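Working notes, structure below.
Each reported figure results from applying straightforward, stated rules to the coordinates on display, with no laboratory input. All values derive from a computational prediction rather than experimental measurement. Cβ placement follows ideal geometry from the backbone for every residue including glycine, while neighbour counts extend to all protein chains displayed.
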């Protein structure tokens, strides 16, 4: 599987889980709305659908495992993105035998940083570090006959361009209007 597509599949999974969690959408509808629009290979699309369905059917085991390591937190009161990133990562730790645990954790941290708060990456990393010893992958080692598993980071996003805006122009007025807003992209 291509690494870029696996990351995209995880992002699609997160969107589907978010719809199921907050919108109380049935999994099939969430899959159609969140996964199918992504330009995934058939193999990655099938994997994403399997993961969403697997998380849905094993949500109690996943939630119990996460709650067992949380201190002073209630699972349902976690930030929605963090909660669903944890669901996805714990599912991979429990049921995806071909994915090394460090890949699962680093992907979860990267997705949490991208879609949640600045502190989410550290939080997700800490929770998963405490969950890992309680999973079948606690003593994981790469299969001897297989090539090493590689999952590179996606292509870097292009640097933003700076455009000059003429003083007194409609563009300047629009920028002044929305200037107080801060948009988080990373």
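For the range 5-115, the alpha carbon convex hull comes to 99 Å³ per residue, rounded to a whole number. Peptides 82-91, 111-120, ordered by how many other C-beta atoms sit within 10 Å of their residues on average, highest first, read 82-91, 111-120.
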